[in-house]
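For reference, the structure is listed below as C-alpha cells.
The values are calculated or read from the model by the stated rules, or taken from the named source; none is laboratory data. A quick note: this is a predicted structure, and the numbers were derived from the prediction, not measured. Backbone-built Cβ (ideal geometry, glycine too); neighbour counts: all protein chains shown.
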Amino acid sequence: MKEFTATIAAISTPPGKGGVALIRVSGEDAITICSRCFAPKNKRPLTEQPARYAIYGDILHEGTVIDDGIATIFTAPASYTGEDTVEITCHGGILITQLVLESLFAAGARPASPGEFTKRAFISGKLDLTQAEAVAGLLEAESREQISLSVAQTRGVLSKEISTLYENLRHTVSAIYAKIDFPDEDLSEIGPQELYDIVQKLCDSIDELCKTYKTGRAIYEGISTVICGRPNTGKSSLYNAIAGEELAIVTDFAGTTRDLLSANIPFGRVMLRLFDTAGIRQTDEPIEKIGIERAISKISQAELILAVFDGSNPLTDEDLSLINQLKKATGKVIALVNKSDLPCLADLSLLDKTFDFVIRISCLEGRGIEDLQRCVNRLFTDEALSTRQDAIVTNARQYASLVRALDYAKGALSALSSGLAVDVACADLEGALAALAELDGRAVSEDIVNEIFSRFCVGK
C-alpha cells in the first residue's frame, strides 16, 4: 500500500449555515501550510505554537483577513491520523468556509478524498480495519443501538477478540514449525492430541463469534420487512404505529395504498427496512394491480413478513388466499390480528395452526406493538449479547473472513482426526491465520481497503 505523503484538507462539518465550521488539515506539512493562512493574535508563528491549545487568530485569503477563528495543532503521532494535524474553526457560513478551504489549497494542501483521514489513521496503525468500519457506522447511525455498537467497536471490543484468536493461533503454529525445523533443540513439543484440543477450542471460539453476526446484521444493516394483508385491515396504521409518526395516509376506503412505502425504522434493538404494501385482492384496476404485484414480489424477498388480519370480521376468501401464499414464504411470518379493541370475530384457531407467531394488536390504541417488538427482537437478535461490551460481527466482510478462518480450522481438525502429520494440519492453520489477518486489516488487499473507505464522507 503506497505511502501517503501529501498534506490534505477538507471541511469536516456538514455543508450549510451554522455557528461554526471546522476544516481539518493533515500531513507532514500541515502546520507550515496552515501558518500561511492563519495569523495568531499572540504574534507567534503557528509553527512555534504549542500542541493541543486553542489558538485565536486571523484567517487569511490571498493575504487578506477574511475571518477570525481558532486553530488547534495535533503533532504526530498524537493525532487522529497519526500525522501532524491542524483543525481550523471559522464562522459557519457557506462562502466563508469554502474560502478558508481554498486558501489552504493555494497554500499547498490538496483536497482529501472520501474517508482519507480515517484511511491514514488505519495506515499509521491508529485504528485497525474493524475500528475504521465502526467509525463509518457511527457516522451513518440511525438508531441508539447502532451508536452503542459502533462506540464499542471503535474502542476495540471486536479487535481485541480477533487479536486474541490470531496471537494464540500464531503462537501455536510457530511452536510447531520451530520443533519441525529444529528437532535437536530443547523446544517444547505440541503433540497431535494437544494440537487437536487447541484447534477445537479455536473452532468453538470462531463459531461463537460467527453467531453474533445475526445480531450485528439486524442492528447495523436491518431486516427487510413487509407489511401485507387484504385492503382495510390496518396495514398503513401499523406502518405508522411502528414508525411513531404519520408516514402513510390512512382512510376508511379500501385500496388507499397503491404503491410501496418504505422507511428505515429503529424497532427495539433492530433496524427494520420496512415496506408498506398495497392491499392484496383481485382487481382489474390497472394502477392498483401494479401495486399488488409489487407487494407480492416484496413478500417473496422479505426476511420478515407482518401479515395483518382484521380481527373484528370473519376471515375472508382474500385472507385465506394470503394465508396459503404465506405458507410458501421463506421469511419469518408474524400474524397480526388488528382491531383488538373490538369484539373478535376472526377464526384465531386457523391462524394459530398456520403461523408460529400470532399477536393481537390495536393500531388505534397502540396495543400489542410492544409485544410485536419483543417478538421481532427475539427472532433476529441474541438478547444475551450486549452491544456495549460484547464482540459482535457487524458486516458481511467480517463474517466472510471468519467463515473462511473456521473452514480452514475445521480442515486442520479433519487432518488431525485422519492421523495425518501435524505439518499437514499446519498448512490449514496458516490459511486460518491469513483469514483472521484480513479480518482486522493486518494483511488485506488495497482494493478492499479502498472499497471500505470509499463509503466514508469527505472530511472524515
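Each residue in the range 72-91 was checked for being farther than 23 Å from LYS126 by Cα and touching a Leu at 6+ places or on another chain (Cβ under 9 Å), and 2 pass. The test for being of a type in the set (D, E, K, R), modelled with pLDDT of 75 or more and either touching a Lys or Arg at 6+ places or on another chain (Cβ under 9 Å) or assigned by TED's automatic domain parsing to the domain that holds PHE267 (or both) does not hold for GLU208. Counting only helices (runs of 4 or more DSSP H) that sit wholly inside the range 349-460, those with at least 2 residues that are of a type outside the set (Lys, Arg) and under 30 Å from LYS327 (Cα atoms) are 369-380.
Could you run through the range 320-348 and say how many residues are in contact (Cβ under 8 Å) with a residue 40 or more places away in the chain and part of a strand (DSSP E or B)? Final tally of qualifying residues: 4.
As for the range 417-436, it holds no residue that is over 20 Å from the mean Cα position of the chain (by Cα), modelled with pLDDT under 75 and under 19 Å from ASP128 (Cα atoms). Residues that are more than 37 Å from the chain's Cα centre (by Cα) and in a loop (DSSP other than H, G, I, E, B): does the range 14-35 have at least one? Within the range 14-35 (the criterion being more than 37 Å from the chain's Cα centre (by Cα) and in a loop (DSSP other than H, G, I, E, B)), the answer is no, since none of the residues qualifies. Considering only residues in the range 133-153 that are in contact with a strand residue (DSSP E or B) (Cβ under 8 Å, 6 or more places away or on another chain) and assigned to a helix (DSSP H, G or I), the one that is nearest to GLY82 (Cα to Cα) turns out to be GLN146.
From THR215, THR130, grab the single residue that is at pLDDT 90 or above, assigned to a helix (DSSP H, G or I), over 21 Å from ARG442 (Cβ atoms) and within 15 Å of the chain's Cα centre (by Cα).
Numbers: THR130 fails: over 21 Å from ARG442 (Cβ atoms).
The unique qualifying residue is THR215.
Among the residues of the range 108-115, is any among the polar types (S, T, N, Q), within 30 Å of VAL449 (Cβ to Cβ) and in a loop (DSSP other than H, G, I, E, B)? There is at least one residue in the range 108-115 that is among the polar types (S, T, N, Q), within 30 Å of VAL449 (Cβ to Cβ) and in a loop (DSSP other than H, G, I, E, B).
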